[in-house]
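Only one structure is covered here, and it is reproduced in the block below.
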Amino acid sequence: MWFSEALDSDWMQYYLIFSWRRQNVLRENATLRRCNNTNLSIDIGNEVKYQNKMLGEMDSDFDSTGGLLGATIGRLKLISRGSQTKVYCYMLLFALFVFIVLYWVIKLR
């Protein structure tokens with residue numbers, strides 16, 4: 001009887017020590033995970049702010065480009081209203097010249 005009580009007592013001490021160590025390890029792991037998750041959340045927040053800033057800059061660039069294209073189309077409409085065949089001819093010759101020069105530059109590479 002005394003042997004079984006001693007065995008139970010030793011086993012109980014071993015179990016308590018093991019349980020205490022396991023609890024400390026789990027607590028440390030939980031703390032590390034919480035720190036990692038916090039850092040990850042902060043990094044995600046910084047990335048979102050950076051991406052929003054970039055999208056805002058792209059929006060303003062597209063707006064300015066749209067204004068430039070709108071003005072150019074307005075000028076072309078003004079030209080197309082009149083009977084200015086010389087201007088059409090000059091524009092066609094200029095475009096043809098640009099394409100020939102570009103072809104020549106690409107061909108020489």
- Task: Run Lys86 past the list (1) loosely packed, with under 10 Cβ neighbours inside 10 Å; (2) under 42 Å from the mean Cα position of the chain (by Cα) and report the number of the one that doesn't hold.
- Result: (2)
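Going by the conditions given, is Arg81 surrounded by 10 or more Cβ atoms within 10 Å (Cβ to Cβ) and either of a type in the set (Lys, Arg) or in contact (Cβ under 8 Å) with a residue 24 or more places away in the chain (or both)?
Details: surrounded by 10 or more Cβ atoms within 10 Å (Cβ to Cβ): no; either of a type in the set (Lys, Arg) or in contact (Cβ under 8 Å) with a residue 24 or more places away in the chain (or both): yes.
Judged against the criteria, Arg81 is not a match.
If we keep just the residues of region 1-19 that are assigned to a helix (DSSP H, G or I) and exposed (fewer than 10 other Cβ atoms within 10 Å of the Cβ), which is modelled with the highest pLDDT?
So in region 1-19, the residues assigned to a helix (DSSP H, G or I) come out as 2-19.
Imposing the further condition that a residue be exposed (fewer than 10 other Cβ atoms within 10 Å of the Cβ) reduces the set to 2-5.
Values: Trp2: 50, Phe3: 49, Ser4: 54, Glu5: 58.
Going through the qualifying residues, I end up with Glu5.
The values are calculated or read from the model by the stated rules, or taken from the named source; none is laboratory data. Everything quoted here is computed from the prediction, not taken from an experiment. Backbone-built Cβ (ideal geometry, glycine too); neighbour counts: all protein chains shown.
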